[in-house]
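**Q** Pasting a structure below so you can have a look.
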Amino acid sequence: MSPMNDANILVYLESVEGQVRKASREALALAAALSRSGCGKVAAAVLDPLAREAAAALRGLDQVYFSPHRLFQHYHNEAFEKALLQAAEDFRARIVILASNEIGRDLAGGLAAALGTAVAADVTQVSFEGGTVAVRRPIYAGKAMAAFRFRRLPAVITVRPNAFADVLAGWTPGAAAPALVELPEPAEAQLRARVLETTAAGRKKTDLTEADIIVSGGRGLKGPENFQILEELADVLGGVVGASRAVCDAGWRPHSDQVGQTGKTVSPKLYIACGLSGAIQHLAGMSSSKCIVAINKDPNAPILQVATYGIVGDLFEVVPALTQKLGTE
Amino acid sequence: MKIWVPIKRVPDTTARIRPDKSGKNIDPADIKFVINPYDEYALEESLVLRDKIPGSEVIAVSLGPAEAGTVLRQALAMGADRAVLLEASLPIGLEIDNAQAGAALAGYLQTQPVDLIFLGRIAVDLQSGVVGSWLARQLGIPRITEVIKVEWTGERFRAQHLVRGQVEVVEAAPPLVLTAQKGLNEPRYPPLKGILAAKKKTIETVPAQMSEAALELVEIEPPPARQPVKILGHGPEAVPELIRLLRTEAKVL
């Protein structure tokens, strides 16, 4: 048996309301690319009972692990971790890939400890070389890039959202549907933590890290009420609103909106920074965006040093003009 | 209740990061090192919990070289009762992977009475965000990660965290691991009395049990440079040109 073909890959597909999350589809695209470059077969684990059909429709996978159990309707790290370990063992997976989000991070650490390895987190490039996995990833929120290599397998990897193409974008349906494998029923009585409730308070349509377009605001907005201007532009563009640390610390926006080294690191296709000077820790969190537009009164603002396009001017004039022009076209 | 707070010494978030000559580490010149901000939230919350739960003690623990003593001193100044340095003769931390960090902490904490381990959800340097869950799994205890609110009910810890954009409320009995998300609290400044008291305390030093690394650092590089900015003009008159370029040049609309 050649070691090349041994390295089967298990991908965890995280879903919301029965739909596989974009970041998970990107993780799956990476797994497919690795498989083509000499790794083993690819299986996906989808634990949300509602997402089983969506996952099974992803032809080209060898296997899909699922569970119909209602326990998996809500996230529970002990149950999810155990199920993924069962799937990894059954599939003889040597590489486990998850999306780098709140659930991916939580599970990756537990899985790596159980498998006796480390996590290569938030990776933006992965290759399979000499029987092991090499990755590149931003560190210090993108102030530097680092290349790492797993000394041995197994490897656990979390994938940075928006770093890889969505699997649905280039997916060639295989001839056969994947084999569906039902995981054993979880032993609910063994779970130590209890999930009491979940509330949809302040729920966003799209997570900031997965968004294609982000309209972000800083202190130049002058007050929380003025973020309405950014919300309107984001609506026209189909994007979401982000914010600087100063704005979140002042309580104008929730902390979950913060972009930067102590917030979220994002790489959307388009990042529009409005009234945001660009503190170094903010720039670190967004400077890998594909295209950056800065709208700022100050022609010397640091944000203009990383921007693709800049407009010097009052955001209270420029942003509504942009919204209106886009909305009427 | 014994509350352990693992803290990491990291470059301040305003620091500029450059690779050093070896290409395997960062150049520490001109960098101010601080407690990882997320660990500071964990420490603050631990101090609040300690003051609410009679007979509790907060112990800060850091894995790293002797220099990590500076952040332990700061933790003592904020109000930690004791501090332990798990000394590993490694430079800035790039050579420790998250499994080694988790294993070294787990190895030490296994020998200690533990009710709660409270650390930051992520360190702002290497940003793996997995040491909390690695540690919990290794110790065989439950975890609630990225928490934005914590209460002690008298028997259990009840915590809130954001999952799939929703607030999830989870309860678990000690011993357990919690990791702190921003928004949990506003860390206190060390009071003068605390700073003076911290100077008199001794930091217990224990050699860290280092396992073999699973990840090998190959190189560090500066991020790819961006093209120079195109200033499209002043005020709303520049809007049509911006839309044209977003469509035809950047192709993002």
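The values are calculated or read from the model by the stated rules, or taken from the named source; none is laboratory data. Nothing here was measured: the structure is a model prediction, and the numbers come from that model. For neighbour counting, all protein chains shown are included, and Cβ atoms are generated from backbone atoms with ideal geometry for every residue, glycine included. In case anyone asks, the SASA skips ligands and DNA or RNA and just uses the protein heavy atoms, side chains included. Shrake-Rupley method; radii C 1.70, N 1.55, O 1.52, S 1.80 Å.
**Q** From the residues in the range A:182-198 that are over 17 Å from B:Ile141 (Cα atoms), modelled with pLDDT under 90 and open to solvent by 50 Å² or more (accessible area, probe 1.4 Å), which one is nearest to the other protein chains (Cβ to nearest Cβ)?
**A** The selected residue is A:Glu197.
**Q** Filter the range A:284-306 for residues that are under 19 Å from A:Ile229 (Cβ atoms) and touching a residue at least 24 places away in the same chain (Cβ under 8 Å); which is most open to solvent (accessible area, probe 1.4 Å)?
**A** Looking at residues that are under 19 Å from A:Ile229 (Cβ atoms) and touching a residue at least 24 places away in the same chain (Cβ under 8 Å), I get A:Lys297.
**Q** Let me ask another. Name the pairs whose Cβ atoms lie under 6 Å apart, with the first residue in the range A:206-217 and open to solvent by 10 Å² or more (accessible area, probe 1.4 Å), the second outside any loop (DSSP other than H, G, I, E, B), and 6 or more positions between them or separate chains?
**A** Within 6 Å, the pairs are A:Thr206/A:Val240; A:Thr209/A:Lys264; A:Glu210/A:Lys22; A:Glu210/A:Ala23; A:Ile213/A:Leu237; A:Ile213/A:Leu270.
**Q** When you look at B:Thr179, is it more than 8 Å from chain A (Cβ to nearest Cβ), open to solvent by 30 Å² or more (accessible area, probe 1.4 Å) and within 21 Å of the chain's Cα centre (by Cα), yes or no? Working first, answer last.
**A** Working: more than 8 Å from chain A (Cβ to nearest Cβ): yes; open to solvent by 30 Å² or more (accessible area, probe 1.4 Å): no; within 21 Å of the chain's Cα centre (by Cα): yes.
Criteria not met by B:Thr179.
**Q** Could you check the range B:122-140 and list, in sequence order, the residues that are touching a residue at least 40 places away in the same chain (Cβ under 8 Å) and more than 8 Å from chain A (Cβ to nearest Cβ)?
**A** Matches in the range B:122-140: B:Ala123 only.
**Q** Right, here's the next one. From the residues in the range A:229-260 that are out of contact with any strand residue (DSSP E or B) (no Cβ under 9 Å at 6 or more places or on another chain) and closer than 20 Å to A:Ile303 by Cβ, which one is nearest to the other protein chains (Cβ to nearest Cβ)?
**A** A:Gly260
**Q** When you scan the range B:1-84 for strands (runs of 3 or more DSSP E) that lie fully inside it, which ones turn up with 1 or more residues that are open to solvent by less than 50 Å² (accessible area, probe 1.4 Å) and on the phi > 0 side of the Ramachandran plot? Break it down stepwise before answering.
**A** Details: elements: B:2-6, B:9-11, B:33-35, B:57-64.
Those strands (runs of 3 or more DSSP E) span B:57-64.
Residues checked against (1) in contact with a His (Cβ under 8 Å, 6 or more places away or on another chain); (2) closer than 23 Å to A:Arg25 by Cα; (3) in the same structural domain as A:Gly285 (by TED's automatic domain parsing); (4) among the aliphatic types (A, V, I, L, M):
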residue	(1), (2), (3), (4)
A:Glu197	no, no, no, no
A:Arg219	no, no, yes, no
A:Lys222	no, no, yes, no
A:Glu231	no, no, yes, no
A:Asp235	no, no, yes, no
A:Ser244	yes, no, yes, no
A:Gly260	yes, no, yes, no
A:Gly263	yes, no, yes, no
A:Val266	no, yes, yes, yes
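**Q** Checking A:Ile280 against (1) of a type in the set (A, V, I, L, M, F, W, C); (2) open to solvent by 10 Å² or more (accessible area, probe 1.4 Å); (3) at the interface with another protein chain (Cβ under 7 Å from one of its Cβ atoms); (4) in contact with a helix residue (DSSP H, G or I) (Cβ under 6 Å, 6 or more places away or on another chain), which single condition isn't satisfied?
**A** With respect to (1) of a type in the set (A, V, I, L, M, F, W, C); (2) open to solvent by 10 Å² or more (accessible area, probe 1.4 Å); (3) at the interface with another protein chain (Cβ under 7 Å from one of its Cβ atoms); (4) in contact with a helix residue (DSSP H, G or I) (Cβ under 6 Å, 6 or more places away or on another chain), A:Ile280 is out only on (4).
**Q** So A:Arg137 clears everything in (1) under 28 Å from A:Lys82 (Cα atoms); (2) of a type outside the set (Ser, Thr, Tyr); (3) at the interface with chain B (Cβ under 7 Å from one of its Cβ atoms) except one condition, right? Which one?
**A** Unmet for A:Arg137, out of (1) under 28 Å from A:Lys82 (Cα atoms); (2) of a type outside the set (Ser, Thr, Tyr); (3) at the interface with chain B (Cβ under 7 Å from one of its Cβ atoms): (3).
**Q** Would you call A:Ser256 out of contact with any Cys (no Cβ under 9 Å at 6 or more places or on another chain), closer than 30 Å to B:Glu146 by Cβ, of a type in the set (S, T, N, Q) and open to solvent by 10 Å² or more (accessible area, probe 1.4 Å)? Walk me through it before giving the result.
**A** On the way: out of contact with any Cys (no Cβ under 9 Å at 6 or more places or on another chain): no; closer than 30 Å to B:Glu146 by Cβ: yes; of a type in the set (S, T, N, Q): yes; open to solvent by 10 Å² or more (accessible area, probe 1.4 Å): yes.
No.
**Q** Separate question: Pairs under 6 Å by beta carbon, first residue more than 7 Å from chain A (Cβ to nearest Cβ) in the range B:221-245, partner not in a loop (DSSP other than H, G, I, E, B), six or more apart or different chains?
**A** Correct list of pairs: B:Glu241/B:Leu232.
**Q** Starting from the range A:239-261, keep only residues that are more than 12 Å from A:Ser216 (Cα to Cα), then list their pairs with residues that are among the aliphatic types (A, V, I, L, M) and assigned to a strand (DSSP E or B) whose Cβ atoms are within a distance under 9 Å, requiring at least 6 positions of separation or different chains.
**A** A:Trp252/A:Ala243; A:Pro254/A:Ala243; A:His255/B:Ile148; A:Ser256/B:Ile148; A:Ser256/B:Leu162
**Q** Taking the residues in the range A:38-59 that are more than 15 Å from A:Ile97 (Cβ to Cβ) and open to solvent by 50 Å² or more (accessible area, probe 1.4 Å) as candidates, determine which candidate is farthest from the other protein chains (Cβ to nearest Cβ).
**A** Per the stated criteria, the residue is A:Arg59.
Yes/no matrix, rows are residues, columns are (1) open to solvent by less than 40 Å² (accessible area, probe 1.4 Å); (2) over 21 Å from the mean Cα position of the chain (by Cα):
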position: A:Pro68; (1), (2): no, yes
position: A:Phe72; (1), (2): yes, no
position: A:His76; (1), (2): yes, no
position: A:Ala79; (1), (2): yes, yes
position: A:Ala87; (1), (2): yes, yes
position: A:Arg94; (1), (2): no, yes
position: A:Ser100; (1), (2): yes, no
position: A:Ile103; (1), (2): yes, no
position: A:Thr117; (1), (2): yes, yes
